[in-house]
Amino acid sequence: MPSKEEIFQEVQAQTEQILDQHDDRDTILQKICELLDSKLETYDWTGFYIADPEADRELVLGPFVGEPTDHTRIKFGEGICGQAADTLETFLVDDVSKADNYLSCSIHVKSEIVVPVLKDGEFVAELDIDSHQIAAMDETDQQELEKLCAKIAHLF
Ligand code: SME
């Protein structure tokens, strides 16, 4: 079985191929969601929230893979997603039941990571991943997903 590092090596290489082969931003984001969902077994919902250019400090749901969510718009500061947008920091939550500012998408979700996409230091979007396992994501996921988000920042 490949290690998580090896899996992410493949993910990074395939992300670059997707970027080479496609021009449309949402097509690229959808393919990245599908890639992460297919390679990382513990990822149960993978999607992007995008800073809505037409609204003040509000996220709008973009491409995703997984169950539909009620949270199609989230204000900056609300939930894990809104806090990541507000602080520009990655949120790695091992146990969502212990998080006090959390918006539940499904009763099955146990852990979550939200990684901001920054363009010239400004928040433009974020990658949100939910898992049905406690502490499914660790520092390796964080580092690799931050690297991936840096690769796609120019799309916004
Ligand atoms: N759990 C997130 C909401 C988005 S869903 O996970 C898809 C939050 O607390 O912001």
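The values are calculated or read from the model by the stated rules, or taken from the named source; none is laboratory data. Since the model is a prediction, treat every value here as computed from it, not as a measurement. Note: ideal-geometry Cβ built from the backbone for every residue, glycine included; neighbour counts use all protein chains shown.
The sole residue among Asp37, Asp20 that is among the charged types (D, E, K, R), buried (at least 16 other Cβ atoms within 10 Å of the Cβ) and closer than 25 Å to Gln143 by Cβ is Asp37. Looking at Glu67, Glu89, which one is part of a loop (DSSP other than H, G, I, E, B), touching a helix residue (DSSP H, G or I) at 6+ places or on another chain (Cβ under 9 Å) and at pLDDT 95 or above? Matching residue, one of Glu67, Glu89: Glu89.
Across the stretch 47-100, the number of residues qualifying as away from the ligand (no atom under 12 Å from the Cβ), in contact (Cβ under 8 Å) with a residue 40 or more places away in the chain and either exposed (fewer than 13 other Cβ atoms within 10 Å of the Cβ) or among the aromatic types (Phe, Trp, Tyr) (or both) comes to 1.
Of all residues in the stretch 111-138, those satisfying the criterion of being part of a loop (DSSP other than H, G, I, E, B) and surrounded by 19 or more Cβ atoms within 10 Å (Cβ to Cβ) are Ala136, Met137.
Sort through Asp44, Asp24 and tell me the only one that's acidic (Asp, Glu) and over 21 Å from Val114 (Cα atoms).
It is Asp24.
Within the option set Ile134, Ile152, being in contact with a Lys or Arg (Cβ under 7 Å, 6 or more places away or on another chain), more than 12 Å from the ligand (Cβ to nearest atom) and of a type in the set (A, V, I, L, M, F, W, C) holds for one residue only, Ile134. The residue pairs whose first member lies in the stretch 107-121 and is over 18 Å from Glu58 (Cβ atoms) and near the ligand (Cβ under 10 Å from one of its atoms), whose second member is in a strand (DSSP E or B) and modelled with pLDDT of 95 or more, and whose beta carbons are closer than 6 Å, counting only pairs six or more residues apart or on different chains, are Val109/Asp130; Glu112/Val93; Glu112/Asp130.
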